[in-house]
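S.K.: Can you read through this structure? Questions will come right after.
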Amino acid sequence: MPPKGKKGGGGAKDKKGGEDERQEPLQAVVLCDSFETRFNPFTLERPRCLLPLANTPLIEYTLEFLAGSGAEEVFLYCGNHTDTVEEYLQNSKWLSNTAPFSLEIIRSTSRSVGDCMRDLDQKGLIVGDFICVYGDVVANISLEGALAAHRASREKNKNAIMTMVLREAGENHRTKPTHMRPTFVIDQDTGRCVHYEQIRPGQSATLDVPGEVLKDHVDLDVREDLIDCGIDICTPNVLAQYTDNFDWQLPRRGFLYGILKDFETFQLTIHTHIVTEEYAARVKNLQAYDAISRDVVSRWTYPLTPDTNLVAGQTFQLHKGSVYREEGVVLARSSNVGRNCVLGKATSVGDHSNITNSVIGRRCVIGSRVKIDGAYIWDDARIGDDTVIEKAVIANEASIGKRCKVEQGALISYGAKVSDGTTISGDRRVTTLKRKRGYEKDEVVQVPADPKIVGEDGIGYHMQFDEDEEEEVAEALLVGMQNMDLTVDDISTFDSDEEDDEDDYEPSHARTGSTRSDSFASIDSEESGENKSSVQEFHREAVNSLFDDMKKGTDPDTMQLELKSMRLTANAEDKQVRRALAVAFNKRVANLIESGKSPKEAAETLFPTYNRLVKGCVSSDEEYEQAEFLMFIQTDLTHRAQGEKMMLFLSNALATNDLIEPDGFEKWWNDERSTASEQLVAIRKDTEQLVKVLCEDDEDDSEEEEDSDDE
Amino acid sequence: MPAPTVGQAPSLNTFLKSLKGTEIETSIELLISLLKRRQIKNSRPCAIATAKLLLQVVAEQRWRSAQDLIKRIRDVGRKLVAAQPREMAVGNIVRRVLGVVREVAEEDQDSTSNIAPESLPGSPAIVGQSLHRPALPSNISGFSPLSHGAALPQNVQTQPQSGTSSPSLDGSVDSPPRRPPMPNAGGSYAGAAPHTSLFGIFQHPQGASPIGTPPIGSGTASPIPKSKKDQEEQKEKLDIKAEVIDGIKDLLEELDIVDKQIAESALDHIHSNEIILTHTSSQTVQAFLTAAARKRKFTVIHVEAYPNDHESTHSTIVNGGQKTGDDAEGDERWKPLTAMGIKVIVIPDSAVFALMSRMNKVILAPHTVLANGSLIAAAGASTIAQAAKVHHVPVVVLSGVYKLSPVYPFDTDEMIEYGDPGKVIPYQDGEFMDKVDVVNPVYDFVDAELVDLYITNLGGHAPSYLYRIVADHYRTEDIDLTSKT
């Protein structure tokens, strides 16, 4: 035996001696469920972490990354689909005897990341510093540097509780989210994150950096060019903080905000570790899915590329031009597979078909003269002859007929079938299932086919976006909708109720920034200041909660109470409550209209049930408040279908229930803000008659009164 | 499982440390994932890891006969090769170990009656002996390029199949005695023999000369004889095991001293006031140049091998050879050349052609040497070799025999690994990377005709002679590991 080996053995012994003193094993927590719906309709049936990215389930990348970083104990948190995840992992190498680390799957009823953390704290599994990642991280960075940085900042300052790993990316980058830009304000010397905000494009890019921060730190970096890959190195104290603050739901907007806000009180600090080499990103949404797939195929994630064959049984080989093929791929002689393609096992491609920049799963059958560019086609899909597929996602066992056209951005879910000669436009999400909202648990139910979408013998319907009250729901909806091609047009066809609860975030406003400022300027002017984000937050939460309650038919008293408590927590003004209520009403009415009611019926169902709510925030004596309430309704209606009808019937209902006095109507009608733009004028056109009648009545009344007085 | 340092990324060192006391299957899986993640890369670390792992495989108790062992090693080898087909050193070591096992088995069968055939293995072996073997089982058509072996006609592999179908204790069915019995030391060991005695003095201060010392592995394994087993079979098995373990240890020994052996011929090739061009941070080349620098003064032009290896090239030039992680003592061979009074000039890869006319010699270190004398080396090697050809500068390749692979280059494109394009274009440059396909080949293919001389630990060879060394080191039946037995 050469001395090297001897030395190695000696080293091992020394190490063992040292290990006793050295602390705990390196632990990691994987959050498999991100409690979001951004991957709907695909995540209805499968958890996000098992969605294939370049034909390998996402979780494999994450676990491989952890194994590569030397993690020894891994805890996996699942929410939805725990069984599926567990079944998958049982059959994988990660739960076999030869696994590089011990993996424990934790079932929980958590509804958010915060719940997971609190649960983890209760279970007491974590003994030391741990890595917290999502189940959709694709990374090849070495964590050694980050861990060392974390330890260093720990040594300097006991209160350093977390280190976030961030990947530098330039100003414009496909892997960066386009709809929301996390902005970090970082102290240059210590790498401490002193302020964090999420900026949305189109919003005025102002940061609200607290004065103390500016006073305490000499050099500050304001970084907007970072990819937040969701890799955090945490101390157990992080869990304790989550437990202490039971309302924190999310690691960034809950936890990070909270810690930074309470810095004065608790002196806890959060550090950043910025990586400038190697790869780290999160498959956060479909846009990121597209970008990261391309990164993987063009080897930016090396060595985590398809030809590494991470999963047992894969046999990918790299061919010229970044084409990866597994064994048993059958390509017709006249077919053409261009650059950056991945073809899974036993997939066949027919004559004269042309495939470029696409990922195609196993056992797919692709007919003749098919043109596929930039598509993601998962296992067992069938594509008929002469079909054209652009940048779309086609899930397992989906079947596309002959001469079809699947346009850019379409999503076709599991088992859907598109019959011959159909065109699926880019805003469609074709699926066969639907999530039914239950009180305890959401159920997934089968939905009958919609021949308008999938053709005569097709299977599937167009899925409207389900609503969810998660923090980043706005992002979820705007996924890939802007610059990214994937699902580019979705915004226009989202059912109106969804679109509208995000007044301030809605891209159409962003695009037509000038109109927005015209119409909202006077109303929103006070908001544009420092508390803008909290105002939006409140608005969004309030609208969602009101709308949900209306849907469920909750007792108005309870709603009133909720609204009040929300108002107090957010320290919101009456005006905002009115606005929220106005928007919620509109949303509900729009929702009812969509379900088949006439605008009149819809408007009338709200009253007098919710009289209380209106009375609570709109005083019957204050003309100004009434006018403002109407103004909010009007403004909100500008982007709803049948806005003018709704305006009419809502006004009518409000008037007949004596919620708004004629004076209020008059004031509104005469207010120049209500005619500020053409849209606004259009909305109130139908209502003109009503207002006239009301005002005349009023005048008559007063005249009469006057008369009687005179008498 | 012995845990690595908290937060320490796994590497060759952690793997070697974890090897002891870990379940063998876990170790195999660990090595596979390390290879896949490229946390063990380059020929030498791969070779060392593979050899040590196979040592453990042999040391485990499970196998009954030599045939079983061969099958087991083939299985393990197949998995390892599939994990990273472009690290051919892995496959080479697996084949070498298989060769050792087969030899031991044949020998054992030849001397059926007297079971202690050669108690002093290898010590009387002479360098020449390995070159005088009569059998030349070189069947080029059976060589498989990478993992494509499965797709090739497999008629060549029918032989071993028949062998395992009847797992008789002796390997008589398997290998017709084409080869005369050899001393159980591997072929290259024979070549290494004279040096071991020389270097053993420095290498083994505890006096544990590899020759004749009872192998460590057998020490743990042998005292557990199962009484119910047939005594004779047991004895035979133990013998095979001890000898195979010896053979693998010799292999490891060879890996350890290969640089020194190659460096011995340095003075024959490097003369005073020559200008030598070299490439990458190869330890072998550094040792070679250092050996020459002790006696002679010359100038070295060092091509930096951007972007995959330039950092270690720079550190090699400034600090001397990279310490492969383990705390290597301040050995002389790690002194930078500049400290020995040698002028070293670093140039970018693009300047190679301009400077080539002034060179006296080009020294390259390959990643893998292929059976036909061509080689795969770090990207940039092809440019250098072509430029040298144009200027008629001799190209000398320094390679340990362990880098010599029986693979025949049918499809050279497939042997090239493509690395992280982020080293060429920063990932930060979003717009660029979005619109441009960036490739970063890690290796280059250099054709045999561009190489003038190979220097291995067996001495200097013409490229056209390499097939012979291949034939000496690998058995035909082992060349295609992918065939299912």
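S.K.: So which residues in the range A:525-540 are surrounded by fewer than 18 Cβ atoms within 10 Å (Cβ to Cβ) and either at pLDDT below 60 or under 22 Å from A:LYS615 (Cβ atoms) (or both), if there are any at all?
M.R.: Across the range A:525-540, the qualifying residues are A:SER525, A:GLU526, A:SER528, A:GLY529, A:GLU530, A:ASN531, A:LYS532.
S.K.: Among the numbered criteria (1) open to solvent by 30 Å² or more (accessible area, probe 1.4 Å); (2) small (Gly, Ala, Ser); (3) under 21 Å from B:ARG468 (Cα atoms), which one does B:ALA339 miss?
M.R.: Among (1) open to solvent by 30 Å² or more (accessible area, probe 1.4 Å); (2) small (Gly, Ala, Ser); (3) under 21 Å from B:ARG468 (Cα atoms), B:ALA339 violates only (3).
S.K.: Also, quick follow-up: Which residue is most open to solvent (accessible area, probe 1.4 Å), if the candidates are limited to the range B:20-60 and must be under 28 Å from B:ASP239 (Cα atoms) and acidic (Asp, Glu)?
M.R.: Among those residues, the one meeting the criterion is B:GLU23.
S.K.: If you don't mind, another one. For the range A:265-280, state whether one or more residues are within 30 Å of B:PRO85 (Cα to Cα), open to solvent by less than 40 Å² (accessible area, probe 1.4 Å) and at pLDDT 90 or above.
M.R.: Yes - at least one qualifying residue is present in the range A:265-280.
S.K.: Here is a follow-up. Condition check: at pLDDT 95 or above, closer than 18 Å to B:ILE317 by Cα, among the β-branched types (Val, Ile, Thr) and touching a His at 6+ places or on another chain (Cβ under 9 Å). Does B:VAL362 satisfy that?
M.R.: So B:VAL362 fits the description; yes.
S.K.: Looking at (1) under 30 Å from B:GLU264 (Cβ atoms); (2) facing chain A (nearest Cβ under 10 Å); (3) basic (Lys, Arg), which one does B:ARG468 not meet, given that it meets all the others?
M.R.: So B:ARG468 meets the others, but not (2).
A quick yes/no check of all residues on (1) under 17 Å from the mean Cα position of the chain (by Cα); (2) open to solvent by 20 Å² or more (accessible area, probe 1.4 Å); (3) of a type in the set (S, T, N, Q); (4) in the same structural domain as B:TYR402 (by TED's automatic domain parsing):
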{"position": "B:ARG62", "(1), (2), (3), (4)": "no, yes, no, no"}
{"position": "B:GLN67", "(1), (2), (3), (4)": "no, no, yes, no"}
{"position": "B:LEU80", "(1), (2), (3), (4)": "yes, no, no, no"}
{"position": "B:GLU87", "(1), (2), (3), (4)": "yes, no, no, no"}
{"position": "B:VAL94", "(1), (2), (3), (4)": "yes, no, no, no"}
{"position": "B:GLY99", "(1), (2), (3), (4)": "yes, no, no, no"}
{"position": "B:GLU106", "(1), (2), (3), (4)": "no, yes, no, no"}
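S.K.: Select from the range A:150-162 the residues that are within 11 Å of another protein chain (Cβ to nearest Cβ) and open to solvent by less than 50 Å² (accessible area, probe 1.4 Å) and list them in ascending order.
M.R.: The one that is within 11 Å of another protein chain (Cβ to nearest Cβ) and open to solvent by less than 50 Å² (accessible area, probe 1.4 Å): A:HIS150.
S.K.: Within the range A:628-649, which residues are in contact with a Ser or Thr (Cβ under 9 Å, 6 or more places away or on another chain) and outside any loop (DSSP other than H, G, I, E, B)?
M.R.: A:LEU630, A:MET631, A:ILE633, A:GLN634, A:THR635, A:GLU644, A:LYS645, A:MET647, A:LEU648, A:PHE649
S.K.: Which residue, of B:TYR443, B:TYR454, B:TYR427, B:TYR467, is touching a residue at least 60 places away in the same chain (Cβ under 8 Å), closer than 30 Å to A:ALA291 by Cα and not assigned by TED's automatic domain parsing to the domain that holds B:GLU254?
M.R.: Exactly one residue qualifies, and that residue is B:TYR443.
S.K.: List the residue pairs whose Cβ atoms are under 9 Å apart, where the first residue sits in the range A:288-300 and is more than 8 Å from chain B (Cβ to nearest Cβ) and open to solvent by less than 10 Å² (accessible area, probe 1.4 Å), the second is part of a helix (DSSP H, G or I) and modelled with pLDDT under 90, and the two are 6 or more positions apart or on different chains.
M.R.: From residues that are more than 8 Å from chain B (Cβ to nearest Cβ) and open to solvent by less than 10 Å² (accessible area, probe 1.4 Å), the pairs are A:ALA291/B:ASP434; A:ASP295/B:MET433.
S.K.: Restricting to the range B:243-262, count the residues that are farther than 14 Å from B:TYR402 by Cβ and free of Cβ contacts under 8 Å to residues at least 60 places away in the same chain.
M.R.: 0
S.K.: Need pairs with beta-carbon distance below 6 Å; first residue within 11 Å of another protein chain (Cβ to nearest Cβ) and within the range A:163-186, second among the basic types (Lys, Arg); sequence gap 6+ or separate chains.
M.R.: Filtered contacts from the range A:163-186: A:ALA169/A:LYS176.
S.K.: Out of the residues in the range B:271-289 meeting the condition of being more than 22 Å from B:ASP256 (Cα to Cα) and of a type in the set (A, V, I, L, M, F, W, C), tell me which one is most open to solvent (accessible area, probe 1.4 Å).
M.R.: B:ILE275
S.K.: Can I ask one more? State the number of residues belonging to the range B:4-55 that are small (Gly, Ala, Ser) and more than 30 Å from A:TRP300 (Cβ to Cβ).
M.R.: Going through the range B:4-55 one residue at a time, the tally reaches 4.
S.K.: Taking A:ALA139 as the residue in question, decide whether it is within 14 Å of chain B (Cβ to nearest Cβ), out of contact with any helix residue (DSSP H, G or I) (no Cβ under 9 Å at 6 or more places or on another chain), open to solvent by less than 20 Å² (accessible area, probe 1.4 Å) and not hydroxyl-bearing (Ser, Thr, Tyr).
M.R.: Judged against the criteria, A:ALA139 is not a match.
S.K.: Against the conditions (1) of a type outside the set (Phe, Trp, Tyr); (2) touching a residue at least 12 places away in the same chain (Cβ under 8 Å); (3) under 28 Å from B:GLU417 (Cα atoms); (4) assigned to a helix (DSSP H, G or I), where does B:ASP75 fall short? Just the number, please.
M.R.: Against the list (1) of a type outside the set (Phe, Trp, Tyr); (2) touching a residue at least 12 places away in the same chain (Cβ under 8 Å); (3) under 28 Å from B:GLU417 (Cα atoms); (4) assigned to a helix (DSSP H, G or I), B:ASP75 comes up short only on (2).
S.K.: Now for a separate question. Looking at the structure I just gave you, is B:LYS389 of a type in the set (D, E, K, R), in contact (Cβ under 8 Å) with a residue 24 or more places away in the chain, away from chain A (no Cβ under 14 Å) and closer than 19 Å to B:GLN283 by Cβ?
M.R.: no
S.K.: If A:GLY114 satisfies every condition in (1) within 25 Å of the chain's Cα centre (by Cα); (2) within 14 Å of another protein chain (Cβ to nearest Cβ) but one, which is the exception?
M.R.: (2)
S.K.: Let me ask another. Among (1) open to solvent by 10 Å² or more (accessible area, probe 1.4 Å); (2) under 22 Å from the mean Cα position of the chain (by Cα); (3) within 22 Å of B:ALA351 (Cβ to Cβ); (4) more than 14 Å from every other protein chain (Cβ to nearest Cβ), which single condition is B:VAL442 missing?
M.R.: (4)
S.K.: Working carefully through the options B:ILE384, B:ILE416, find the one that is away from chain A (no Cβ under 14 Å), farther than 30 Å from A:LEU226 by Cβ and open to solvent by less than 20 Å² (accessible area, probe 1.4 Å).
M.R.: B:ILE384
S.K.: Looking at A:ARG333, A:ARG362, can you tell me which residue is under 25 Å from A:ASP420 (Cβ atoms) and surrounded by fewer than 22 Cβ atoms within 10 Å (Cβ to Cβ)?
M.R.: The conditions single out A:ARG362.
S.K.: Take the range A:309-337 and flag every residue that is within 14 Å of chain B (Cβ to nearest Cβ), closer than 16 Å to A:ASN357 by Cα and touching a strand residue (DSSP E or B) at 6+ places or on another chain (Cβ under 9 Å).
M.R.: Correct list: A:LEU318, A:HIS319, A:GLY321, A:SER322, A:VAL323, A:TYR324, A:ARG325.
The values are calculated or read from the model by the stated rules, or taken from the named source; none is laboratory data. If you're wondering where the values come from, they're calculated on a predicted model, not measured in any experiment. Glycine also receives a Cβ, built like all others from the backbone with ideal geometry; neighbour counts cover every protein chain displayed. For accessibility, only protein heavy atoms count, side chains too; no ligands or nucleic acids. Shrake-Rupley method; radii C 1.70, N 1.55, O 1.52, S 1.80 Å.
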